[in-house]
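Structure first, then comments.
Computed from the coordinates by the stated procedures, all read-outs in this text should not be read as laboratory data. Worth saying up front: this structure is predicted, and the values here are computed from it rather than measured. Methodologically, a virtual Cβ is constructed for each residue, glycine included, from the backbone with ideal geometry; neighbour enumeration extends over all protein chains shown.
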Amino acid sequence: MNILSGNITSIQGSESLSLVKIAVESNTFTAIIIDTPESEAYFKIGNTVKVYFKETEVIIAKNEPLNISIQNKILCKIDSMKQGEILSELHLSFGEFNIKSLITTNACKTLNLKNGDAVLALIKTNEVSLSPND
């Protein structure tokens, strides 16, 4: 599980859903949450929260896609890779943060990924979870 820390910069609510934007270094993460500022005390602009997403939910792109619906696009560097027969684990960094991505080894070879490469980590908004930063 990838766990980052950031500050809530905006909350857009409708019925029981909230679209929350979180600043993590110079990046903005967006999450769709089934909660509202009225139902969760930690949902306040300026509050620090933990940002969670699974390694299997991190899509890797080598060149920035221009027209794509995924809002979470994080420019990262590949620090290391562990290639297995079926799956490859990528250790990525941006700023002071580290995240992992688990993709097929076939995809890793197709993209010709190497240590030191710049890649985009893409995470769908519905795959991002938040919790209070206790």
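Mean separation of Cα pairs under 8 Å and 6 or more residues apart, divided by the residue count, gives the chain a relative contact order of 29 percent.
Phi-derived couplings, Karplus 6.51 cos²θ - 1.76 cosθ + 1.60 at θ = phi - 60°, listed residue by residue for segment 69-78: 7, 6, 8, 8, 10, 10, 6, 10, 10, 7 Hz, with x used for Gly and Pro. Close amide H contacts of residue 47 (hydrogens built in the peptide plane, cut-off under 5 Å, sequence separation of 5 or more or a different chain): 8. All Cα-Cα separations within the chain were binned at 5 Å from zero, giving a P(r) of 2, 11, 20, 22, 17, 12, 8, 5, 2, 0, each value a whole percent of the pairs.
State the antiparallel share, in %, of DSSP beta bridges confined to segment 2-132, rounding to the nearest 5. Expressed as a percentage, antiparallel bridges in segment 2-132 total about 100.
So if I place +1 on the C-beta of Lys and Arg and -1 on the C-beta of Asp and Glu, and nothing else carries charge, what would the dipole magnitude of segment 1-53 be about its Cα centre? I want it in debye, nearest 20.
Details: 3 positive and 5 negative charges, 35 e Å.
Approximately 160 debye in magnitude.
Applied to segment 21-26, the Karplus parametrisation 6.51 cos²θ - 1.76 cosθ + 1.60 on θ = phi - 60° returns per-residue 3J(HN,Hα) values of 10, 10, 7, 10, 6, 8 Hz, with x for Gly and Pro. Annotation for segment 108-134 versus segment 37-69: alpha-carbon center distance of 10 Å. Scalar couplings 3J(HN,Hα) for segment 114-128, obtained by applying the Karplus form with A = 6.51, B = -1.76, C = 1.60 to θ = phi - 60°, are 9, 4, x, 5, 8, 9, 9, 9, 10, 9, 5, 4, 6, 9, 9 Hz; x denotes Gly and Pro.
Between the amide H of residue 5 and those of 51, distances stay under 5 Å, these residues lying 5 or more places away or on another chain, with hydrogens modeled in the peptide plane.
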